[in-house]
Amino acid sequence: MFIRVTDQDGETHELEGLEGWRAMEAIRDWGLNIKAECGGACACATCHVYVGEHWFDQLPPPSDDEEDLLFSTLDKRPTSRLSCQIILNDGLDGLTLTLAESSRKA
């Protein structure tokens, strides 16, 4: 399975992921510029991404905790999600994500 991730500089990367992985893990493990400070615990919003419009409605709705964290970001959009809360599966093969500026490492 592959996901397509556009980084903060506009470069698109095709990343391999495994079923059950968090999208954040694939992004981080392939060396893209993502803070992901809490490591997937849904505690910091430093893995903020924008989901491609075609894919947004195919994801389960965000939890209340995720919504609260997204609300705290300065660059939230209607398709914002935390990549640590997107669990990859075969139905998400080809998922498109864009890294939010707020997820950039300093």
**Asked** Listing Lys76, Lys105 from the residue with the fewest other Cβ atoms within 10 Å to the one with the most, what is the order?
**Response** Lys105, Lys76
**Helix-only mean residue ellipticity at 222 nm for the chain, each DSSP H run of n ≥ 4 adding -39500 (n - 2.57), per residue, nearest 500** = -4000 deg cm²/dmol
**Fill in**
Semi-axes a, b, c in Å (a largest) for the range 2-101, each sqrt of 5 times a Cα gyration tensor eigenvalue, come to 18, 15, 13
**Message:** Can you tell me, using C-alpha contacts under 8 Å and at least 6 residues apart, the relative contact order of the range 2-101 as a whole percent?
**Reply:** 42 percent
**Message:** Please report the antiparallel percentage of DSSP beta bridges with both residues in the chain, rounded to the nearest 5.
**Reply:** 80 percent
**Request:** Post the alpha-carbon centroid distance, the range 42-104 to the range 10-31, in whole angstrom.
**Result:** 13 Å
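Values quoted throughout were computed directly from the atomic coordinates according to the rules given, and no laboratory measurement underlies them. Bear in mind the structure is a predicted one, so any value in this text is a computation, not a measurement. Note that we place each Cβ from the backbone using ideal geometry, even for glycine, and neighbour counts take in every protein chain shown.
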